[in-house]
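The values are calculated or read from the model by the stated rules, or taken from the named source; none is laboratory data. Because the structure is a prediction, the values reported are computed rather than measured. Positions of Cβ are backbone-derived with ideal geometry, glycine not excepted, and every protein chain shown enters the neighbour counts. Calculation scope for accessible area: heavy atoms of the full protein, side chains included, ligands and nucleic acids excluded. Shrake-Rupley method; radii C 1.70, N 1.55, O 1.52, S 1.80 Å.
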Amino acid sequence: MRTTLAHEFYKLVHQRSSWLAIIALFGLMLYSATPTAYVTKTLVAQGFGTGQWVIIIMIVVTTNFIAMELRDNTMTTLLYKSPRRQTVFFAKLLVLAGYGFFLLLVGFCFALLIKLLLVNHRFAWTAVYHQHSLLRAVELNLFGVAVYLLFTITLTLLLITVINSSATVIIIGLLISFLGANITGVVMQAVPGVKQVIAWNPLNMINIISQFADPRIMATTGLSNGQLLLGTLAYTILFLWAGAWAFRARQF
């Protein structure tokens, strides 16, 4: 496992896209913060979009991480050198999760820098934001993103293993990220009698990104913070199990 993990880490670090993603993250966050006249306390609490941008970047990075090996026919060689297929799968998962958390940390640092340079005079970190300080709200949002990031990576690994099309997997991931919460909200309003059942669908889990810092969202999700956390982790485990099984069963 250690050798496989080191190999996957080496490959990720030496991919140019891994470093370009950091530059892209800063550019996207800067884009979210301009023009500064439209920056709100909510945007600051969200780390200038750190969560949504990191999730989008990780969908692309995770997809390409597997698709590249399938395209170059190097997956067969990698599996031949490893005693178990599951070892390769879990090594990829650990490396990608570690990179995702690294991007979140970098994004947090970028958020501090952008606020300092652009809107520091307008918002104090000690300002109250939904019963929390503004800085605490950023931390809560990023915690929610970290949990949902595991959900996203395991789901993306499952999809790219089953669907041999990186473009399709990226599109599905983006649709879930941008429309999942809205679709759930519309369905829950249309059939309120089964709202508590629909609330547990996987599309609703994306709300964990913001609900910890903004309790008002609970009225939309129909789930408490604990339930939302439990649901997200449960789906993560489900996608992890299904992805590992699909990876083992697939003929590379």
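To put it simply, the accessible area of the chain at a 1.4 Å probe is 69 percent carbon and sulfur. Close lysine pairs were tallied over the chain: pairs 8 or more places apart or on different chains with Cα atoms under 21 Å apart number 4.
Once backbone amide H atoms are built at 1.01 Å from N, TYR129 has LEU134 as its partners under 5 Å, excluding neighbours fewer than 5 places away on the same chain. At the listed q of 0.20, 0.28, 0.30 Å⁻¹, the Debye profile of segment 185-240, built from one uniform point per Cα, gives log10 I(q)/I(0) equal to -0.68, -1.15, -1.24. Taking all protein chains together and a 1.4 Å probe, the residues PHE110, PHE178, PHE89 rank PHE178, PHE110, PHE89 from largest to smallest accessible area.
Computed from phi, the 3J(HN,Hα) profile of segment 233-238 under the Karplus parametrisation 6.51, -1.76, 1.60 (θ = phi - 60°) reads 5, 5, 5, 4, 5, 4 Hz, with x in place of Gly and Pro.
What the phi angles of segment 42-55 give under the Karplus curve with 6.51, -1.76 and 1.60, with θ = phi - 60°, is a coupling list of 4, 5, 5, 4, 8, x, 6, x, 3, x, 5, 6, 5, 4 Hz, glycine and proline written as x.
Think of a 1.4 Å ball rolled over the protein heavy atoms: segment 119-252 then has 49 Å² of accessible area per residue.
Each 5 Å bin, from zero up to the one with the longest distance, holds this percent of the alpha carbon pairs of segment 27-73: 5, 20, 20, 15, 11, 10, 8, 6, 4, 1, 0.
Inter-part distance, segment 154-228 to segment 91-117, computed on C-alpha centroids, equals 22 Å. Here the chain is treated as a Stokes sphere of Kirkwood radius computed over C-alpha pairs; at 20 °C and 1.002 mPa s its diffusion coefficient rounds to 112 µm²/s. In the assembled protein chains, ILE23 presents an accessible area of approximately 120 Å² (probe radius 1.4 Å). For the chain, the dipole from Cβ point charges (+1 on Lys and Arg, -1 on Asp and Glu) about the Cα centre works out to 320 debye, to the nearest 20. Within the assembled protein chains, the solvent-accessible surface assigned to MET1 is about 100 Å², based on a 1.4 Å probe.
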